[in-house]
Amino acid sequence: MINQQIQIYNTLTRTKEKFAPLNPPFVGLYVCGPTVYSDVHLGNCRTFISFDLICRYLKFIGFKVRYVRNITDAGHLEGDRDEGDDKFAKKAKLEQVEPMEIVQKYTVGFHDVMRTFNTMPPSIEPTATGHICEQIEMTKKIIANGYAYVVNGTVYFDVEKYNKEFLYGQLTNRKLEELLEGTRELDGQDEKRGRLDFALWINAKPEHIMRWPSPWGWGFPGWHIECSAMSSKYLGDAIDIHGGGMDLQATHHTNEIAQSQACNHQAPVKYWMHTNMLTVNGVRMSKSAGNGFLPDELFTGNHPLLEKGYSPMAVRFFMMQTHYRSTLDFSNAALQAAEKGFERLMAAYNTLQNLTPSAASSFDLNQLKQKCYDAMNDDFNAPILLAQLFDGVKIINSVNDGKEKISAADLDEMQKLFSGFIFDVLGLAADSNASAANDDTLSTVMSLVIDIRKDAKTKKDFSTSDKIRDDLAKAKITLKDTKDGTEWKLEK
RNA sequence: GGUCCUGUGGCCGAGUGGCUAGGCAGAGCUCUGCAAAAGCUCCUACUGCGGUUCGAAUCCGCACGGGACCUCCA
């Protein structure tokens, strides 16, 4: 039933491997979601859009995917010292609201943006605060198994002990000694035994608002334990694919593996997938670098780095032109190129709906079709898929010009192929540039104006017809005379 | 300093040891009252220097240039 063989680049082995899920046709996919203490930026979006593509393709070829993506709404601390305020409490203090108001506000905002980019919601979207019990239970088990210790109400994971039996640095291909070299000496204040030890549960200081009771006193979970606890709750102790941004690989995911292994006595993940970073003028977009712009600023063009606004679907198309494991650099030129390419693809899709079939086809549709699957089978190579689709675009236009022919059966197949890959797999959608066209008053007026101009043209009164066109252009409305009549568009 | 990625035509961006990426821009043509738009055609690159090979952008080495992670970040 599933007759495509996918190759996935597995970070764990640093090679492409044949994808063989643990319990086909079911696939468990876990992706580390956002920490909702501020607006999502484009870098975050890119990761989730990449996994949206991956999830869509898995479903497209027949897998039954359970896609779990968490919301981190507790436990994520400001610094690296396992102490101090968490991000939510800090922001809440700043805005003088409850921490959970922060969580709610940015969760809603995140969902809005994800919808705008036409990503499918995950099957389950668990929150850290909703799974405190599970995290406590897991921590208890890790202690019982001997891989964690308690100091003053805080529970630390014993990395050096773990490393005696397992490869702690496996995910980043590093030895413990190398990792230790990169860390600072413990100072006298430190409760930790080892420099690489990290907190599973953190004792709450008196001023800390987000706190829960635990066997070790009032506290809150460490950042890494939530993903381990929630992925194993909803996808089992061994899951097929775990994904996230590359920046999570070294610390967050490395710790996740250690915790889960220490708790459940088995490696938690078969395939680790990491998406690369988004850069702006060659520099990583990040909250701390201050070079990020928000999705809304990108759509409106309301940012010093942006020459104009770009539609969400043009941006999505832009992202699809780069493989998920390559860095993606944002620039106005690249964005504008993508915008035009996207329009061309969609125009061809529309043309495809109106082609006239012939007795036989003059090209090999099956070959094109297989190339599309091959592209995606090779570690979800969307750029290659797009290249194949553009080959299809050329064919569509040639058929439209009468230079190539397509049979009725192939036409039907090709329509399915295009809508399948463009909409279902790539997750693109016709731009809702139609906001103007949906304005009844304006479209009524426009069809009247176009009618008058048409009359003028018929009477060869070109000064009138040109005046209409030129004056409309001044009002940011452009007219295009096509063979099927005149189209109009409101420029942004 | 350590681990690793990377350097492709004007720009963005794929890539298999030998065969066309693709998009955008540019040029020519078609269409058109004009224009715009659209379509078709063309534009053959792989940081440098060595090496392996019948053959390398694709493998190896060195050099130089970018970047990521090692510290909160998708």
Next item on the list: Evaluate the distance, in nm, between pseudo-label points positioned 7 Å from the Cα of A:Gln415 and of A:Glu160 along their respective Cα→Cβ axes.
Entry: 6.9
Notebook entry, point to check: Between A:Glu207 and A:Leu180, what is the spin-label point distance in nm, taking each point 7 Å from the Cα along the Cα→C-beta axis?
Noted result: 3.6
Check: Amide H neighbours of A:Lys489 under 5 Å, counting only residues 5+ apart in sequence or on other chains, H built in-plane at 1.01 Å?
Finding: A:Thr478
Note to self: Loop by DSSP (not H, G, I, E, B), at most 10 other beta-carbon atoms within 10 Å: where is the longest site-free stretch of chain A for GluC sites (Glu not before Pro)?
What the structure shows: A:208-490
Check: Hey, which aspartates and glutamates would be in cross-link range of A:Lys164, C-alpha to C-alpha under 16 Å, not counting anything within fewer than 8 residues on its own chain?
Finding: A:Glu177, A:Glu178, A:Asp197
Next item on the list: Over chain A, calculate the relative contact order: mean separation of alpha carbon pairs under 8 Å at least 6 apart, over the residue count, as a percent.
Entry: 15
Notebook entry, point to check: Under 5 Å between amide H atoms, partner at least 5 residues away or on a different chain: which partners does A:Tyr9 have, H built in plane at 1.01 Å?
Noted result: A:Glu17
Next item on the list: Subtracting the Cα-Cα distance from 0.36 nm times the residue separation, let me have the gained length for A:Ser358 to A:Lys16 in nm, one decimal.
Entry: 118.9 nm
Check: So what's segment A:347-492 giving for Cα Rg divided by 2.2 N^0.38 Å, two decimals?
Finding: 1.35
Notebook entry, point to check: Can you flag which of A:Lys16/A:Lys394; A:Lys369/A:Lys480; A:Lys308/A:Lys454; A:Lys371/A:Lys416; A:Lys93/A:Lys192; A:Lys161/A:Lys233 are past 23 Å Cα-Cα?
Noted result: A:Lys16/A:Lys394; A:Lys369/A:Lys480; A:Lys308/A:Lys454; A:Lys93/A:Lys192; A:Lys161/A:Lys233
Next item on the list: Take the Cα atoms of chain A, find their three principal axes, and give me the spread along each one in whole Å, biggest first.
Entry: 92, 53, 35
Checklist line | Dipole magnitude of segment A:7-275 about its Cα centre (Cβ charges: Lys, Arg +1; Asp, Glu -1), debye to nearest 20 | finding: 1000
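How much length is gained if the chain between A:Cys133 and A:Thr172 is pulled fully straight, taking 0.36 nm per residue apart and subtracting their Cα-Cα distance, in nm to one decimal?
Details: separation 39, 0.36 × 39 = 14.04 nm, distance 3.05 nm.
Gain on stretching A:Cys133 to A:Thr172: 11.0 nm.
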Notebook entry, point to check: Can you list residues whose amide H is under 5 Å from A:Thr127's amide H, if they're 5+ apart or on another chain and H is modeled 1.01 Å from N?
Noted result: A:Ile71
Checklist line | With all protein chains modelled, accessible area of A:Arg69 [1.4 Å, Å²] | finding: 10
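The values are calculated or read from the model by the stated rules, or taken from the named source; none is laboratory data. None of these values were measured; they are calculated from a predicted model. Every residue, glycine among them, receives a Cβ derived from its backbone with ideal geometry; neighbour counts consider all protein chains shown. Only protein heavy atoms, including side chains, enter the accessible area calculation; ligands, DNA and RNA are left aside. Shrake-Rupley method; radii C 1.70, N 1.55, O 1.52, S 1.80 Å.
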